[in-house]
Amino acid sequence: MNAWTANALAELTSAEREVADLLPIEANPADAEVVLDQVPYWFHTFALNRSEGVYAPGTARDHRYRIPAIPESFEGLRVLDVGTFDGFYAFLAEARGAERVVAVDNEQYVEWVRARWGVELEGGEGFRAIHALLDSNVEYRRLDALELDRLDEGFDFIFCCGILHRVEAPARLLRVLSRRLAEGGRVLIETHGVFADPSDRDPVHRYGPGEVYPHDEYIYWGFTAGGIEMIARDSGFRLFELVGAPLIDGHPRIIGWLGR
């Protein structure tokens with residue numbers, strides 16, 4: 001086990017385990033340990049073998065606030081996971097009955113992980129490892145979010161979690177998502193909010209490099225619910241339904257539904 005994984009395991013909390021347990025993999029313990037040795041960094045936490053207490057430890061902190069927004073069943077749905085990273089939500093949708101799941105990522109996180117944690121990645125290691133353990137049919141595409149029209153198909157449900165604040169043109173991304181959304185479909189949007197300081201109450205706030213997290217130059221925006229609704233209506237969506245605005249590890253988040 002590499003040093004990063006060992007340290008991350010030591011910091012793993014019950015909150016991360018609770019989310020990971022939504023997708024019990026129950027791999028052979030020996031196979032689970034091999035995966036921990038092979039993958040140098042995890043963003044999501046995965047329950048590799050609950051009975052043996054074997055987890056792949058992610059750096060994402062307390063995603064429990066997302067749970068109420070995730071359907072209990074994806075039966076028959078075509079699902080797109082934008083910015084999938086290790087693929088947790090794509091694999092969860094498949095496990096809950098999705099007819100087809102496409103997971104996309106431009107793998108820009110390789111630079112982000114190197115800058116923030118000093119870990120070298122090739123890209124896609126975690127996704128491939130979990131895909132193999134699950135014998136999954138999720139389709140992975142190395143693709144930028146702004147190039148989603150290359151998929152040339154519609155989806156009933158789109159995950160867009162942790163992405164909107166990391167693109168320089170959020171309205172353009174929402175327009176692309178609107179085109180990829182099937183009639184009657186929904187987009188689950190989760191993104192960074194706006195800090196409570198009075199000077200930061202604009203509906204859409206522009207952050208400078210490293211302002212939100214040290215050594216992270218890829219967070220450009222913070223949104224209020226009104227800010228998301230404003231750009232969403234200009235991008236082809238009819239409504240934004242706020243699900244929650246929690247404070248996670250000292251950072252404001254916004255989560256809700258977009259419908260067209």
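The values are calculated or read from the model by the stated rules, or taken from the named source; none is laboratory data. Note that the structure is predicted; figures quoted are calculated from it, not measured. When we count neighbours, we look across all protein chains shown, and the Cβ atoms used for this are built from the backbone with ideal geometry, even at glycine.
Just a few scattered comments:
Let's see how each residue does on (1) modelled with pLDDT of 90 or more; (2) over 21 Å from the mean Cα position of the chain (by Cα):
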| position | (1), (2) |
| --- | --- |
| Gly193 | yes, no |
| Asp202 | no, yes |
| Leu242 | yes, no |
| Ile248 | no, no |
| Arg253 | yes, no |
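- Tally of residues being surrounded by 18 or more Cβ atoms within 10 Å (Cβ to Cβ) and more than 19 Å from Tyr109 (Cβ to Cβ) across the stretch 135-156: 3
- Condition check for Glu120: under 26 Å from Ile219 (Cα atoms), in contact (Cβ under 8 Å) with a residue 60 or more places away in the chain and among the acidic types (Asp, Glu): yes
- Some residue of the stretch 218-238 being in contact with a strand residue (DSSP E or B) (Cβ under 6 Å, 6 or more places away or on another chain), at pLDDT below 95 and either surrounded by fewer than 17 Cβ atoms within 10 Å (Cβ to Cβ) or not assigned by TED's automatic domain parsing to the domain that holds Tyr109 (or both): yes
- Residues of the stretch 84-120 that are surrounded by fewer than 22 Cβ atoms within 10 Å (Cβ to Cβ), among the small types (Gly, Ala, Ser) and at pLDDT 95 or above: Ala95, Gly97.
- Helices (runs of 4 or more DSSP H) contained in the stretch 1-101 and holding at least 1 residues in contact with a Lys or Arg (Cβ under 9 Å, 6 or more places away or on another chain) and outside the structural domain of Leu174 (by TED's automatic domain parsing): 14-20
- Qualifying residue in the stretch 237-256 (condition: touching a His at 6+ places or on another chain (Cβ under 8 Å) and among the charged types (D, E, K, R)): yes
- Of all residues in the stretch 239-260 being within 17 Å of Arg186 (Cα to Cα) and among the charged types (D, E, K, R), the one that is surrounded by the most Cβ atoms within 10 Å (Cβ to Cβ): Arg260
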